[in-house]
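In what follows, a single structure is set out as structure tokens and then discussed.
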Amino acid sequence: MSKLTPEDVLSTARRVGWAITAERAQQIAGTAGPAVEKFAAARAHLDFDHDTLTLQAAREITKVDGSKDGR
Amino acid sequence: MDDMLKLSLTAAAQALRDKKVSSVELTTAAIAKARRLDPHYNAFVRIDEEKALVNARACDAELAKGKLRGPLHGVPLAHKDMYYRKGEVSTCGSKIRADWVAPVTAAALERLDAAGQVQIGTLNMTEFAYGPTGQNAFLGDARNPWNPDYITGGSSAGSAVSVASGTVFGALGSDTAGSVRLPAAICGLAGMKTTLGRVSRYGAMPLSGSLDTVGPLTRTVADNALLLNILAGQDARDPHTSADAVPDYTAGIGKSVKGLRIGRPIGYFDEKLEPEVIAVMDAVYAAYRKLGCEVIDVKMPDLDVVNAAGMLLTWGDVIAIHGEWMKTRAADYTPQTRGRIEVTLGVSAQDYQDAQRFRGPALLEFCSTVLSKCDALVAPVLSYPVPKLSDVDVSGGPNSMRILNEITRLMRPVNYLGLPALSVPGGFTPNGLPCGFQVIGRPFAEALLYRIGAAYEKESGLLAHKPKLLA
């Protein structure tokens with residue numbers, strides 16, 4: 001998703017069973033929308049083979065030995 | 001006995017071991033101070049006087065027989081009311097869990113217990129830890145010891161207040177988007193946001209399982225390192241925890257930092273800074289130069305996208321954790337928290353999964369473009385001086401989100417990347433409130449961060465400054 005609409009918010013609210021008015025959905029779309037739109041740029045860094053555990057792998061690659069002055 | 005409470009944690013633990021003071025004396029003094037200050041500062045959710053004194057008496061009796069439980073033998077501490085203790089209520093700052101009795105004890109508490117702590121109570125926090133100002137409409141707002149008209153920072157509000165006021169020697173906080181570093185910086189303390197996987201979260205209330213970390217708040221950097229020595233390590237009950245060896249985090253305290261490369265961020269962390277904060281940060285960089293460090297300008301990658309990814313991850317976790325209660329008990333949340341949780345409806349499943357997938361590439365990029373050029377990055381915690389309680393509206397509307405987003409803007413990327421960051425007192429802004437900075441390093445570089453933070457702490461002389469309390 002690159003643009004969040006009030007309809008998206010209402011649809012999610014219905015699915016999870018939360019009571020949200022149309023006015024509130026519009027407000028939420030306005031509040032959450034910028035982060036959703038900004039994040040769309042990250043997709044350029046992702047490809048088919050990235051899984052959801054990439055952080056653990058990257059942590060092992062980039063970590064330091066804390067006992068050896070941490071550099 | 002109040003003077004004994006002004007000692008550092010390290011010094012108090014030594015005084016106990018040397019039998020210069022008893023645990024009963026220290027614990028009694030801490031409880032008395034907590035009761036005296038709480039009408040003014042609202043740091044405590046609960047004071048467990050009877051249990052604490054039973055524990056303190058046992059510590060004294062054991063020490064008399066030459067038995068030492070560990071490095072915290074008999075030291076009074078208190079912790080954010082989201083660290084479960086089996087059989088006791090853990091409110092998590094909420095009405096929903098006002099009477100909820102925890103079925104397990106948090107791994108962090110188990111470790112502190114084994115080291116000899118005397119927990120005197122549980123501490124105020126933002127409802128379900130979901131908010132950075134420290135306010136709580138259900139429990140009442142905690143108040144800043146430096147000036148009660150100002151926010152404490154959150155969500156570990158009571159942790160910061162109880163330590164900064166000299167009531168206890170240290171406290172656990174949790175950091176999902178700055179909840180250790182912000183209150184530490186705002187109340188003039190050291191606060192460690194640990195590497196994701198360094199400290200077990202077992203038995204700690206989840207806010208965002210992807211981002212939550214456990215960390216201590218203390219008056220000195222050395223005290224903080226001492227607590228992390230106890231807290232760090234693998235725990236099969238939290239599969240995120242690392243099997244990597246735990247070093248002695250106190251070993252580098254006091255060592256020279258000459259020759260270390262301190263990164264000064266160009267971009268993101270230096271954006272939207274108000275002049276008062278710039279003045280403090282300039283003094284921090286000047287101090288590190290004086291200490292023999294090389295201060296290097298380092299261009300930041302696109303951290304706005306990293307911050308956005310962190311928001312989406314948080315929302316995806318929060319909507320899952322709070323989904324059922326928002327359906328059945330929405331009215332039991334305070335309007336502020338309910339409003340913030342409602343915003344999580346903005347995340348889609350694909351955004352959430354992609355935000356998980358992006359973490360590795362983002363960490364690799366940050367390390368290759370930033371942490372390859374310096375040993376640690378030194379950046380502000382908050383872009384503006386500490387605001388007054390009356391300045392922050394956290395009701396969940398667009399204005400509150402703008403304020404909340406700016407308070408957490410310099411925090412969240414560190415959580416998303418899973419990196420450690422130590423918040424250190426940097427100075428004061430003209431409003432008389434503390435202004436902190438953060439030292440950010442590679443995964444598991446906490447020992448280096450403590451060394452760097454301690455060097456500034458000593459150079460600045462800020463430990464001599466104490467808040468003037470109302471009682």
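Read the figures in this text as sums done on the coordinates, not as results from a lab. Small disclaimer: the values here were computed from a predicted structure and weren't measured. Here the Cβ is made from the backbone with ideal geometry for all residues, glycine too, and neighbour counts use every protein chain on show.
What share of the DSSP beta bridges in the protein assembly as shown is antiparallel, in percent to the nearest 5? Of those bridges, close to 65 percent are antiparallel.
Summed over qualifying helices (DSSP H, 4 residues or more, each -39500 (n - 2.57)) and divided by its residue number, chain B shows a 222 nm mean residue ellipticity of -11500 deg cm²/dmol. Here the Karplus relation 6.51 cos²θ - 1.76 cosθ + 1.60, evaluated at θ = phi - 60°, turns the backbone of region B:375-381 into coupling constants of 7, 7, 9, 10, 9, x, 8 Hz, with x for every Gly and Pro. The calculated FRET efficiency for the pair A:E23 and B:A137, based on their C-beta separation and a Förster distance of 25 Å, comes to about 0.65.
Over all projection directions, the Cα-based convex hull of region B:164-280 averages an area of 9.5 nm².
Dipole size of region B:2-464 about its Cα centre, with +1 on Lys/Arg Cβ and -1 on Asp/Glu Cβ: approximately 800 debye, rounded to the nearest 20. Here the contact order of region B:2-464, divided by its residue count and restricted to Cα pairs under 8 Å and six or more residues apart, works out to 16 percent. Structure note, pairs B:K255/B:K290; A:K63/B:K80; B:K258/B:K458; A:K3/B:K299; B:K193/B:K258: Cα-Cα distances above 22 angstrom occur for A:K63/B:K80; A:K3/B:K299; B:K193/B:K258.
Globularity index of region B:248-342 is 1.69 (Cα radius of gyration / 2.2 N^0.38 Å, N = number of residues).
Averaged over the residues of B:446-452, the number of partner chain Cβ atoms lying within 10 Å of the residue Cβ comes to 3. Taking a ≥ b ≥ c as the square roots of the eigenvalues of the Cα gyration tensor, an a/c ratio below 1.5 marks chain B as rounded. Taking the alpha-carbon centroid of each part, what is the distance from region B:167-186 to region B:53-111 in angstrom? Their Cα centres are 18 Å away from one another.
Quick check: Cα centre of region B:315-330 to Cα centre of region B:402-430, how many Å? Cα centroid to Cα centroid, the span is 26 Å. Ranked by the mean number of other Cβ atoms within 10 Å of their residues, highest first, the peptides B:342-349, B:182-189, B:369-376, B:64-71 fall in the order B:182-189, B:342-349, B:369-376, B:64-71. Shape of region B:33-125 from the C-alpha gyration tensor: oblate (a/c of 1.5 or more and a/b not above b/c, with a ≥ b ≥ c the square roots of its eigenvalues). Expressed as a fraction of 2.2 N^0.38 Å, the C-alpha radius of gyration for region B:153-207 is 1.08. Here is the result for region B:1-71: no GluC sites (Glu not before Pro) lie in DSSP coil with at most 13 other C-beta atoms within 10 angstrom of their C-beta.
Among the residues of B:296-305, the average count of other protein chain beta-carbon atoms within 10 Å of the residue beta-carbon is 2.
Computed over the alpha-carbon pairs of region A:6-62, the distance histogram in 10 Å steps reads 19, 31, 27, 20, 3 percent, short to long.
Cβ-Cβ distance of B:E271 and B:A245, R₀ of 41 Å, FRET efficiency by 1/(1 + (r/R0)^6): the value works out to about 0.60. The equivalent ellipsoid that matches the C-alpha gyration tensor of the protein assembly as shown spans semi-axes of 34, 28, 22 angstrom, in descending order. Please state the shape class of region B:312-471: rounded when a/c is under 1.5, otherwise prolate if a/b exceeds b/c and oblate if not, all from the C-alpha gyration tensor. Cα axes put region B:312-471 in the oblate bin.
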